[in-house]
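Chemist: Structure below; questions to follow.
Here, each number is a calculation from the coordinates, and none is a lab measurement. Because the structure is predicted, anything quoted here is derived from the model rather than measured. Backbone-built Cβ (ideal geometry, glycine too); neighbour counts: all protein chains shown.
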Amino acid sequence: MGSVPTLELRDLRAGYSTKKGFVRAVDGVSFRLERGEFLGIAGESGCGKSTLAYAVMRLLRDNARIESGQVLFNGTDVAAMPEAGVNALRWTGMAMVFQSAMSALNPVLSVGEQLTDAVLAHRNATKAEAEAMAVEMLGLVDINADRLRGYPHQLSGGMKQRVMIAMALILKPDLLIMDEPTTALDVVVQRSIIEKIDELRRALGFSVVFITHDLSLLVEISDSLAIMYAGKICEYGRSRALFDEPLHPYTEGLMGSFPTLTGPVVRMGGIEGRAPDLLSPPPGCRFAPRCARAFEGCGREDPALRDIGGGRLCACRLREPGREGGRR
Ligand SMILES: Nc1ncnc2c1ncn2[C@@H]1O[C@H](COP(=O)(O)OP(=O)(O)OP(=O)(O)O)[C@@H](O)[C@H]1O
Ligand SMILES: [Mg+2]
């Protein structure tokens, strides 16, 4: 107890000002990420995953803002920091691999130049020292040092992704945020990338937030999972427990939406209907309009994310104490 987590969000709200009004893409999100922990965040397109990541990094677009709440990075609130302070933390303390990572490499700079530039921009190092760090980091992601002189177009998709990871990790951050880094890659390469991240976090000790819409990728690797729906976390728990016994009807639906990689092929039922418009979300539980198990009252009262024991949190009235699905 008592140790300061790498990242702790407290009731974070963030979103976008638009002509039609405010789109609250992150609506009261809280979680703790311990040192060295691997947290997966999963949910359908548009549920606010990237907005959450950008808010943590304080890299929000011009029309976006953090409305309220805290983003405690090693105990200090990034949301309340002056820009200069965040600037000093970004990449050195917390780093991110973006959703469009494959096209994020500069086509006219060699791989080595891009890696050494990242070092030289943030550290008082000589060119030779920066190059040595680049070689070391490439080695850690299994890329041969002779690729330093190569250009992005000479790399396969999986190798580009590894270079992006090397760039994110070269300054040895405490936190690595990966925003759907593998979706453009085939399943075998996706898997090798995520295994590499796992290996590196064990070797280097950083914490990981791995964002994906594909839960099956995370089952064996992430320590914990947060399931996001319409700007909120609807379920949170240790990965294994959450997979073995999903508690929220949305999680069940999400798990039915794809085949697992190693286990038996599961039902590909998916979830009927569409996620709500975050400009004017429905009253009550946001999932209720699509929920096969919704009952009277779900459309009125928004269920809180409640601790239901065993380190598990669930925002569903089915799990309230006294109900059949409640666990105590
Ligand atoms: N620049 C913007 N202006 C207005 N609304 C935006 C903007 N960017 C995102 N949104 C809205 O914010 C919500 C959350 O978007 P976000 O990109 O965070 O979702 P996501 O979970 O990352 O989705 P995906 O899986 O497709 O990457 C969506 O409803 C989206 O339409
Ligand atoms: Mg996204």
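Chemist: Measuring from label point to label point, each 7 Å out along Cα→Cβ, what is the residue 120 to residue 280 span in nm?
Modeler: It is 5.4 nm.
Chemist: Just need the relative contact order of segment 107-170 here, percent rounded to a whole number, with Cα pairs under 8 Å and 6+ apart.
Modeler: Contact order relative to length: 46 percent.
Chemist: Residue 151 to residue 87: FRET efficiency via 1/(1 + (r/R0)^6), r the Cβ-Cβ distance, R0 35 Å, to the nearest 0.05?
Modeler: 0.75
Chemist: Considering only Cα-Cα distances, which of the following residue pairs are longer than 31 Å: 20/172; 127/160; 19/49; 49/127?
Modeler: From 20/172; 127/160; 19/49; 49/127, over 31 Å: 20/172; 49/127.
Chemist: On to the next question. In nm, give the distance between the simple-model label positions of residue 132 and residue 293, each being 7 Å from the Cα along the Cα-to-Cβ direction.
Modeler: 5.8 nm
Chemist: Normalised by the residues of the chain, what does the relative contact order come to in percent, with Cα pairs under 8 Å and at least six apart?
Modeler: After rounding, I find 19 percent.
Chemist: If you take every residue apart from residue 274 with its C-beta less than 11 Å away from the C-beta of residue 274, what net charge results, scoring Lys and Arg +1 and Asp and Glu -1?
Modeler: -2
Chemist: Let me ask you something else. Rounded to the nearest 500, what is the 222 nm mean residue ellipticity of the chain from helices alone, with -39500 (n - 2.57) per DSSP H run of 4+ residues and division by all residues?
Modeler: Result for the chain: -8000 deg cm²/dmol, rounded to the nearest 500.
Chemist: Count charges around residue 54 for me, please; just the other residues with Cβ under 9 Å from its Cβ, Lys/Arg as +1, Asp/Glu as -1.
Modeler: Summing Lys/Arg as +1 and Asp/Glu as -1 gives +1.
Chemist: Let me ask something additional. Report the extension gain between residue 103 and residue 17 in nm, rounded to one decimal, defined as 0.36 nm multiplied by the number of residues separating them, less their alpha carbon distance.
Modeler: Fully extending the segment from residue 103 to residue 17 adds 28.2 nm.
Chemist: Follow-up. Over segment 117-246, what is the relative contact order in whole percent, taking alpha-carbon pairs under 8 Å and six or more residues apart?
Modeler: About 18 percent, as a whole number.
Chemist: In addition: If the only charges are +1 at each Lys and Arg Cβ and -1 at each Asp and Glu Cβ, what is the size of the charge dipole of the chain around the Cα centre, to the nearest 20 debye?
Modeler: Computed about the Cα centre, the dipole is about 580 debye.
Chemist: Each residue of segment 208-221 in order: what ³J(HN,Hα) in whole Hz does its phi give by Karplus 6.51 cos²θ - 1.76 cosθ + 1.60, θ = phi - 60°, with x for Gly and Pro?
Modeler: Per residue, the Karplus-derived 3J(HN,Hα) values read 10, 10, 10, 9, 7, 9, 10, 4, 4, 5, 9, 3, 8, 10 Hz.
Chemist: Still on this structure: Any aspartates and glutamates with Cα under 16 Å of the residue 232 Cα? List them, leaving off those in the same chain fewer than 8 positions away.
Modeler: Candidates past the 8-residue exclusion: 8, 11, 27, 44, 67, 277, 301, 302, 307.
Chemist: Can I ask one more? Going 7 Å from the Cα of residue 34 along its beta-carbon direction, which residues of segment 197-213 have the amide nitrogen within less than 16 Å of the resulting point?
Modeler: 202, 205-209, by backbone N distance to the label point.
Chemist: Amide H neighbours of residue 67 under 5 Å, at least 5 residues apart or on other chains, H built in the peptide plane: list them.
Modeler: 13, 14, 15
Chemist: Let me ask you something else. What list of ³J(HN,Hα) values in whole Hz, one per residue of segment 34-46 in order, does the Karplus curve 6.51 cos²θ - 1.76 cosθ + 1.60 (θ = phi - 60°) give from phi, with Gly and Pro shown as x?
Modeler: Whole-Hz 3J(HN,Hα) from phi for segment 34-46: 7, 4, x, 6, 10, 9, x, 10, 10, x, 5, 4, x.
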